[in-house]
Number of protein chains: 2
Amino acid sequence: MKQDKISEAVVRRLPLYLRYLNELTISGVQTVSSQDLGDKLDLNPAQIRKDLAYFGEFGRKGVGYNVHYLIEKIRQILKLDKILNVALVGTGNLGRALSNYSMYIRDNMKIVAVFDSDPSKYGTFINRLTVQPMNELSETVKRLDITIGIITVPATEAQNVADRFVEAGIRGILNFAPSVIKAPSGVRVHHADFTGELLSLAYYMDHEKS
Amino acid sequence: MKQDKISEAVVRRLPLYLRYLNELTISGVQTVSSQDLGDKLDLNPAQIRKDLAYFGEFGRKGVGYNVHYLIEKIRQILKLDKILNVALVGTGNLGRALSNYSMYIRDNMKIVAVFDSDPSKYGTFINRLTVQPMNELSETVKRLDITIGIITVPATEAQNVADRFVEAGIRGILNFAPSVIKAPSGVRVHHADFTGELLSLAYYMDHEKS
DNA sequence: TAGATTGTTAATCGATTAACAATC
DNA sequence: TAGATTGTTAATCGATTAACAATC
């Protein structure tokens, strides 16, 4: 197959694969089949083979996938060697939780600046980073080569913060506020709102279908 | 149409509609069209009409939807009048952030008990709730009629906590840990992992397709 | 009446799953 | 060789979008 357009659903599963593969190396497993992966991750084995085949032929017929090799390949696909600098706006509880989340949120992302619009927060520290005022955002983004912005402000402020990020030249935004924000094409926006997750959980608890 | 099986995607959009409708009442808007909603929420109007039509005929041809009436209907569908009691396990940063999140995480969910496996945490307070040891979980779940469990422990612990929840008779689990957990059918599990969200954001920032 | 917008059917698009030849 | 498992095509399933008659 090799490189058509890759669908969002596929890319979202790659980190899942990676996570489990990492567990496997820890327990010393050398080889894994799509069957094994599927069992563990609650996915169809054919789907897993198809996902991986978008990017190349990583397995061996009759044998399976070499765990180390597959990890390496997925890391390449997701570009996990390159470190991305991240700015976070909103130092409430959620913002604090995210910044503290071991500083490196994940493998290759590093929060290097935090901002708030509340003057009483200016100069206070969150995990070794000074809280900066919003009017320093643009300059800081450029100086530190920040490409991703995280929004953890109240819903009413989210679009405003997004606009500031866009002005500053950021290329991806992860919005935790419960509101839909807009950005020009060229700036990618993902929403990480768990309200929907909770409410739909409750819905299906009653309307059993599983 | 009215009541086939409702797909997950549909249910996940309902809270989105509700959110925006609530904003509209605040600005005093009485009536809204699927076109308006679609523009604001970045959704196709036909999709919105179809979603709503699963549950009944809420609109008026040539006019649109009455905002108040639609809010009422969606609240009924999602059963937002009934309060659900929630237990949370894991009092790290994320757990704290969630419990503090105004106590009522959303409209109708209330965290009424928090647990941790670290003895040094026992008896400390999080937002007026005493942190309890894990061996009190089962009794507390029954006593307080808790039906939903939130997991904010490290990935290695998540399945274990899920098992305890299941034993205790919980019917829905929201897992924030970066690991896939299993539960018997009858217990619904949703995953709220933002790692995937972040990594896929980064992926598409480079492989521009939008 | 003319214009707007719903509810719904039909068409399209996309994603998941099944099946199997290739081959280790 | 026999058994296992991939990569990939074809079949299926499901979700989104277009189109339009009904009607306010």
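Structural remarks
- Residue, farthest from A:LEU174 (Cα to Cα), within the range A:107-139, restricted to residues that are of a type in the set (Val, Ile, Thr) and surrounded by fewer than 16 Cβ atoms within 10 Å (Cβ to Cβ): A:THR124
- Test: residue in the range B:141-149 that is open to solvent by 10 Å² or more (accessible area, probe 1.4 Å), closer than 19 Å to A:MET205 by Cβ, more than 12 Å from every other protein chain (Cβ to nearest Cβ) and assigned to a loop (DSSP other than H, G, I, E, B): yes
- Residues that are among the acidic types (Asp, Glu) and either in contact with a strand residue (DSSP E or B) (Cβ under 6 Å, 6 or more places away or on another chain) or in a loop (DSSP other than H, G, I, E, B) (or both) within the range A:171-210 comprise A:ASP193, A:GLU197, A:GLU208, listed in sequence order.
- Number of positions in the range A:170-189 that are crowded, with 18+ Cβ neighbours inside 10 Å, within 7 Å of chain B (Cβ to nearest Cβ) and without any contact (Cβ under 8 Å) to a residue 24 or more places away in the chain: 2
- Of all residues making up the range B:34-67, the number that are touching a Ser or Thr at 6+ places or on another chain (Cβ under 7 Å), of a type outside the set (A, V, I, L, M) and open to solvent by 50 Å² or more (accessible area, probe 1.4 Å): 2
- B:ASP206 vs. criteria charged (D, E, K, R), under 27 Å from A:ASP206 (Cα atoms) and open to solvent by 20 Å² or more (accessible area, probe 1.4 Å): no
- Neighbours by Cβ (under 9 Å, 6+ apart or cross-chain): first from the range A:27-43, more than 11 Å from A:LEU16 (Cα to Cα); second within 11 Å of DNA strand C (Cβ to nearest atom) and among the charged types (D, E, K, R): A:THR31/A:ARG60; A:SER34/A:ARG49
- Selection of the range B:68-79 for residues being open to solvent by 10 Å² or more (accessible area, probe 1.4 Å) and free of Cβ contacts under 8 Å to residues at least 60 places away in the same chain yields B:HIS68, B:TYR69, B:ILE71, B:GLU72, B:LYS73, B:ARG75, B:GLN76, B:LYS79.
- For the range B:80-104, residues that are free of Cβ contacts under 8 Å to residues at least 12 places away in the same chain and touching a strand residue (DSSP E or B) at 6+ places or on another chain (Cβ under 8 Å) total 1.
- Qualifying residue in the range A:18-37 (condition: of a type in the set (Phe, Trp, Tyr), within 14 Å of DNA strand C (Cβ to nearest atom) and under 30 Å from A:HIS190 (Cα atoms)): no
- Of the residues making up the range A:39-48, those that are at negative phi and more than 7 Å from DNA strand C (Cβ to nearest atom) number 5.
- Pairs with Cβ under 7 Å, 6+ apart, first in the range A:44-64 and hydroxyl-bearing (Ser, Thr, Tyr), second modelled with pLDDT of 95 or more: A:TYR54/A:VAL10
- Residue in the range A:155-175 that is of a type in the set (Lys, Arg) and in contact with a Lys or Arg (Cβ under 9 Å, 6 or more places away or on another chain) present: yes
- Out of B:LEU70, B:LEU88, B:LEU98, one residue alone is within 30 Å of B:PHE125 (Cβ to Cβ) and either within 10 Å of DNA strand C (Cβ to nearest atom) or touching a Gly at 6+ places or on another chain (Cβ under 8 Å) (or both). It is B:LEU88.
- A:GLU167 meets all of the listed conditions (1) part of a loop (DSSP other than H, G, I, E, B); (2) open to solvent by 70 Å² or more (accessible area, probe 1.4 Å); (3) away from every other protein chain (no Cβ under 12 Å) but one, namely (1).
- Condition check for A:VAL112: assigned by TED's automatic domain parsing to the domain that holds A:VAL166, within 17 Å of A:PHE165 (Cβ to Cβ), among the β-branched types (Val, Ile, Thr) and touching a Phe, Trp or Tyr at 6+ places or on another chain (Cβ under 6 Å): no
- Segments classed as strands (runs of 3 or more DSSP E), wholly inside the range A:1-119, with at least 3 members that are within 14 Å of chain B (Cβ to nearest Cβ) and either more than 16 Å from DNA strand D (Cβ to nearest atom) or not polar (S, T, N, Q) (or both): A:84-89, A:109-116
The values are calculated or read from the model by the stated rules, or taken from the named source; none is laboratory data. It should be emphasised that the depicted structure is a prediction, and the values quoted were computed from it without experimental measurement. Positions of Cβ are backbone-derived with ideal geometry, glycine not excepted, and every protein chain shown enters the neighbour counts. Please note that ligands, DNA and RNA were not included when accessible areas were found on the heavy atoms of the full protein model with its side chains. Shrake-Rupley method; radii C 1.70, N 1.55, O 1.52, S 1.80 Å.
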